[in-house]
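Enquirer: Here it is, the structure, as structure tokens.
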Amino acid sequence: ELPCSMRDFCEATGVPVAQVLRFMMGMGVMANINATIDQQTAELIAADMDLTIDLKAHETLEDELITSLEEAEDEEADLVTRAPIVTFLGHVDHGKTSLLDALIGINVVKGEAGGITQHIRAYTVEKDGRAVTFVDTPGHEAFTEMRARGANVTDIAVLVVAADDGIMPQTEEAISHAKAAGVPIVVALNKSDLEGVDPMRAMTQMTEHQLTPSEWGGDTEVVRTSATTGMGLDELLETLLTVADLHEYRANPSRKALGVCLEAEQQGDRGVIAKLVVQNGTLRVGDILVCGSSHGRVRAMTDTLTNAPLQEAGPSTPVNLTGLDIPPGAGDRFHVLSDITQAREIAASREHGSRTESLSGVTTKVSFETFQEL
Ligand code: GDP
Ligand code: MG
């Protein structure tokens, strides 16, 4: 059984609602535009009207709009350098979270914590007037999951390897995830403050994983760091900025924003709080958003670190945002649209699609004879 709303049906078939309502009345059914009609009824109506039901058409309408937003070419003149988005990956307890804390500590005045339970943290850090955006995920599952959903937010992976432990199973997994994502890898040989650690051991292990340190003639930058003493943090930032220079990450701040939801939750009276990263364009308070099967108008945005209110957020900026009707999923892409009705419809059709195994792909041609046999 594949239920479908009257609205979807009319949009898919192009038949005016009034005509369908008349037909339903003829069959003794009082309906309205929000009524759900099942597959059989849809086929009966189509048969009566000698239509080919292409229920895929509805999805295509949505896809076309979103695809056109995703694929809109930016004018060369509109492109500006954007901050690289850097994700920490590595074995548990090797110091990913500590490194990010230390980086924030040395560069930005630490404000109060963001208003969201931060399973995934994302902050922009400045170094000599240049910005780097860091994403700290609880594990590389989150990284893989987002990538699997087509939401690759990472430009550069920092592989955090504790110098005392060396490469561990999760380090190996992280290496394969970063390689599969095709992003450059910078190694932070962390806990280098510990007495008696032998960096050569970890570097030899790296070589066995096709990550040859540049000081050994390879192309993997290895920075000796300590989140505890602050050793190597400047060098890590400089290395990331050098990699960013090589890749020339650019974006167009003058287009409508699009990007990814990292995390979201319902917070009582405050409503839905979502942590998003803008990948291209500029997101503004008041913008109409569709994100997965949620939609809404941006009510407020705050800096993820200082919690300061933001009126707008350009490319590579993480924000906490309110205004969405329901929490989108981690890894859901967001788009700014110009029409709230359109946003609502797209969100609803996605919700509908996920509920019903999707009506898409169902193309049925039924004859009037079939109708009479029923
Ligand atoms: P994560 O699981 O990779 O995020 O690791 P954490 O940042 O939670 O760090 C795990 C433990 O290692 C904590 O107890 C940290 O204090 C400690 N740690 C992290 N970085 C360093 C470092 O550079 N030197 C030393 N000595 N300890 C560190
Ligand atoms: Mg951690």
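Enquirer: Where the centroid of each part is defined by its Cα atoms, how far is region 238-285 from region 64-82 in Å?
Expert: Using only Cα atoms to place each centre, the spacing works out to 15 Å.
Enquirer: If we count every other residue with Cβ under 14 angstrom of Leu21's Cβ, Lys/Arg +1 and Asp/Glu -1, where does the sum land? The partial results should precede the final answer.
Expert: Working: positive: Arg7, Arg22; negative: Asp48.
Neighbour charge sum, excluding Leu21 itself: +1.
Enquirer: Cβ neighbours within 10 Å, averaged per peptide: list 308-321, 262-275, 63-76, 205-218 in order, most packed at the top.
Expert: On the way: 308-321: 20.9, 262-275: 17.6, 63-76: 12.0, 205-218: 14.7.
Output ranking for 308-321, 262-275, 63-76, 205-218: 308-321, 262-275, 205-218, 63-76.
Enquirer: Using amide H atoms built in the peptide plane, which far-off residues or other-chain residues are under 5 Å from His295 H to H?
Expert: Placed amide hydrogens put Asp325, Ile326 under 5 Å from His295.
Enquirer: Lys and Arg at +1, Asp and Glu at -1: add these up for the other residues within a Cβ distance under 13 Å of Gln170 and post the number.
Expert: Numbers: positive: Lys96; negative: Asp93, Glu141, Asp165, Glu172, Glu173.
Result for the local shell: -4.
Enquirer: Let me ask something additional. Where Lys and Arg each count +1 and Asp and Glu each count -1, what net charge lies around Ala31 among other residues with Cβ under 15 Å from its Cβ? Could you put the intermediate results ahead of the total?
Expert: Numbers: positive: Arg7, Arg22; negative: Asp8, Asp38, Asp48.
Summing Lys/Arg as +1 and Asp/Glu as -1 gives -1.
Enquirer: OK, next. Under the Karplus relation 6.51 cos²θ - 1.76 cosθ + 1.60, θ = phi - 60°, what is the ordered set of whole-Hz ³J(HN,Hα) values for region 324-337, x standing for Gly and Pro?
Expert: After applying 6.51 cos²θ - 1.76 cosθ + 1.60, I find 7, 6, 9, x, x, x, 5, x, 5, 7, 10, 9, 8, 10 Hz.
Enquirer: Separate question: What accessible area per residue, rounded to a whole number of Å², is obtained for region 235-341 using a probe radius of 1.4 Å? Before the final figure, lay out the partial values.
Expert: Details: 3920 Å² over 107 residues.
It amounts to 37 Å² per residue over region 235-341.
Enquirer: Here is a further query. Can you work out the base-10 log of I(q)/I(0) for region 222-325 at q = 0.12, 0.16, 0.18, 0.23 1/Å, using the Debye formula on its C-alpha atoms alone?
Expert: These q points yield log10 I(q)/I(0) values of -0.52, -0.78, -0.88, -1.13.
Enquirer: When the accessible area of region 150-265 is computed with all protein chains present and a 1.4 Å probe, what percentage of it is carbon and sulfur? Write down the numbers at each step before the final one.
Expert: Values: 2290 of 4840 Å².
Roughly 47 percent, rounded to a whole number.
The values are calculated or read from the model by the stated rules, or taken from the named source; none is laboratory data. Please read these numbers as outputs of a predicted model, since none were measured by experiment. Cβ: placed from backbone, ideal geometry, glycine included. Neighbour counts: every protein chain shown. Keep in mind that these areas ignore ligands, DNA and RNA; they rest on the heavy atoms of the full protein, side chains included. Shrake-Rupley method; radii C 1.70, N 1.55, O 1.52, S 1.80 Å.
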